[in-house]
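For reference, the structure discussed in these notes is given below.
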Amino acid sequence: MKKLLLGTTALATAALLSAGASAAEGPKVTVSGFYTGVLMAGDDGIPSDRNVSLDTWNTEVHFNAEGTAANGLTYGAHIELEGTSTNDQIDESFMYLKGGFGQLIIGNDDPVGEKMGYISPAPDAYGILSVNSPNYNFSGATVTTVNEFGGDASKVIYISPQLSGFQFGLSYSPDSCEDNNAAAGSPCNNGGFEADNNAGAGNGQQFAAALAFSKEFSGVNLGLSATYSWNESEGAGLKDVTLYGFGANVGAPVGAGTVTLGGSYLATKNLGGFKDVDADAFDAGLQYAQGPWTVGVQSAWYSDDGTNDDIYAVSFGGGYEVATGLGVSAGMIHYDRQRNVGSDANVFLVGTKLSF
């Protein structure tokens, strides 16, 4: 791990030195983001819950700064502010360098498994109806095949240039801490080095790798990915957690529109740090897009041999682009969960997403 960190640091230093003192174009600041609102009605499988809910949780404002050096090096920073009150008010926050060498990212960002992995398409173009998402917690559970362990923990990321359709990425986090200015008493509140082997306070080092392929063949677009992550567990008796996944998407013109078919798989070894407790997750989806319309179906499965939890989820519906940056979606999500006595959820959704 030390060699990886030193190597990426040397790459960053070389890129900065080669840029020289002058800049062809200074940093320009732009603001972007999105607002998502969803009205849900039905039965989420939990008897004590209401049958109607209005959620506006997935809303963010993005601040971007980017410039270009005289030698062509692109440099910038990206900060994401949550649009609703949350314990993690700043989502992702990082700086980056881009050039012929690829891209180097330093800060709080997603691991390469999440950045580069393919999953199945949602029924709508905006992902509001996706069942492969942590956004919904029906039946007290969620399903995902995204190799996202570690989330936005502080890390260094390298993504290579694309060569003949192939691209690889590496990311490394010294610790699971995301914000070093956490509350007093937190193992992240050191102003320097994080606490080591702090049992019960999270995970230690995290390493991720990803390989992706994307290319067009006579009008057919093919995307493939393989991801891996290793996560150091802290605490007596806990085992390190490893995850690996595979994904594929195929898109082809059909009539006046485009059909996209995709699926993915994620395996987790030593789930929760417990030896020989494993989990498997799959997803598959089919989407048809024509003009402003999108319709489709998506399903996901999850099982683990620790809690003997088995979950099946399916979503169907579609979306419509009302205007540039404004879309609406409507559909239904069904959850079938077999843990303990089992519980089902049937939820109708109408949502809108505004991107700017």
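Brief remarks follow.
- Residues of segment 52-63 that are modelled with pLDDT of 90 or more and either surrounded by 15 or more Cβ atoms within 10 Å (Cβ to Cβ) or assigned to a loop (DSSP other than H, G, I, E, B) (or both): Glu60, Val61, His62, Phe63.
- Thr84, sole failed condition from (1) of a type in the set (Val, Ile, Thr); (2) closer than 30 Å to Phe316 by Cα; (3) in contact (Cβ under 8 Å) with a residue 40 or more places away in the chain: (3)
- Taking (1) surrounded by fewer than 18 Cβ atoms within 10 Å (Cβ to Cβ); (2) in a loop (DSSP other than H, G, I, E, B) in turn, Glu66 satisfies each apart from (2).
- Qualifying residue in segment 101-109 (condition: among the charged types (D, E, K, R), surrounded by 24 or more Cβ atoms within 10 Å (Cβ to Cβ), at negative phi and at pLDDT 95 or above): no
- Look at (1) under 25 Å from Gln206 (Cβ atoms); (2) touching a Lys or Arg at 6+ places or on another chain (Cβ under 8 Å); (3) among the aromatic types (Phe, Trp, Tyr) and you find that Tyr118 fails only one, number (2).
- Count of residues meeting criterion [surrounded by 18 or more Cβ atoms within 10 Å (Cβ to Cβ) and of a type in the set (S, T, N, Q)] in segment 78-100: 1
- Among (1) of a type in the set (A, V, I, L, M); (2) in contact with a helix residue (DSSP H, G or I) (Cβ under 8 Å, 6 or more places away or on another chain); (3) at pLDDT 95 or above, the one test that Met95 misses: (2)
- Being touching a residue at least 60 places away in the same chain (Cβ under 8 Å), part of a strand (DSSP E or B) and of a type in the set (Ser, Thr, Tyr) is a property that does not hold for Thr30.
- Residue count, segment 270-292 (criterion: more than 23 Å from Ser303 (Cβ to Cβ) and β-branched (Val, Ile, Thr)): 0
- Hits in segment 256-269 - residues which are crowded, with 17+ Cβ neighbours inside 10 Å and either β-branched (Val, Ile, Thr) or more than 19 Å from Trp301 (Cα to Cα) (or both): Val259, Thr260, Thr268
- Contact map, segment 135-161: first residue at positive phi, second residue at pLDDT 85 or above and surrounded by 20 or more Cβ atoms within 10 Å (Cβ to Cβ), Cβ cut-off under 6 Å, separation 6 or more or different chains; pairs are Ser139/Tyr335; Ser139/Ala345; Gly150/Pro111; Gly150/Ser173; Gly150/Gln206.
- Flag for Ser233 being within 25 Å of Asp309 (Cβ to Cβ), hydroxyl-bearing (Ser, Thr, Tyr), at pLDDT below 95 and in contact with a Gly (Cβ under 8 Å, 6 or more places away or on another chain): yes
- In segment 320-356, the residue that is modelled with the lowest pLDDT out of those that are within 23 Å of Asn137 (Cα to Cα) and aromatic (Phe, Trp, Tyr) is Tyr335.
- Boolean, Gly117 is under 20 Å from Phe168 (Cβ atoms), among the small types (Gly, Ala, Ser) and surrounded by 17 or more Cβ atoms within 10 Å (Cβ to Cβ): yes
- The residue that is farthest from Val295 (Cα to Cα), among those in segment 221-255 that are among the β-branched types (Val, Ile, Thr) and buried (at least 21 other Cβ atoms within 10 Å of the Cβ), is Val241.
- Failed criterion for Val112 (all others in (1) under 17 Å from Phe166 (Cα atoms); (2) surrounded by fewer than 19 Cβ atoms within 10 Å (Cβ to Cβ) hold): (2)
The values are calculated or read from the model by the stated rules, or taken from the named source; none is laboratory data. Here the structure is a predicted model, which means the values were calculated and not measured. All Cβ positions, even for glycine, are placed from backbone atoms using ideal geometry, and neighbour counts span all protein chains on display.
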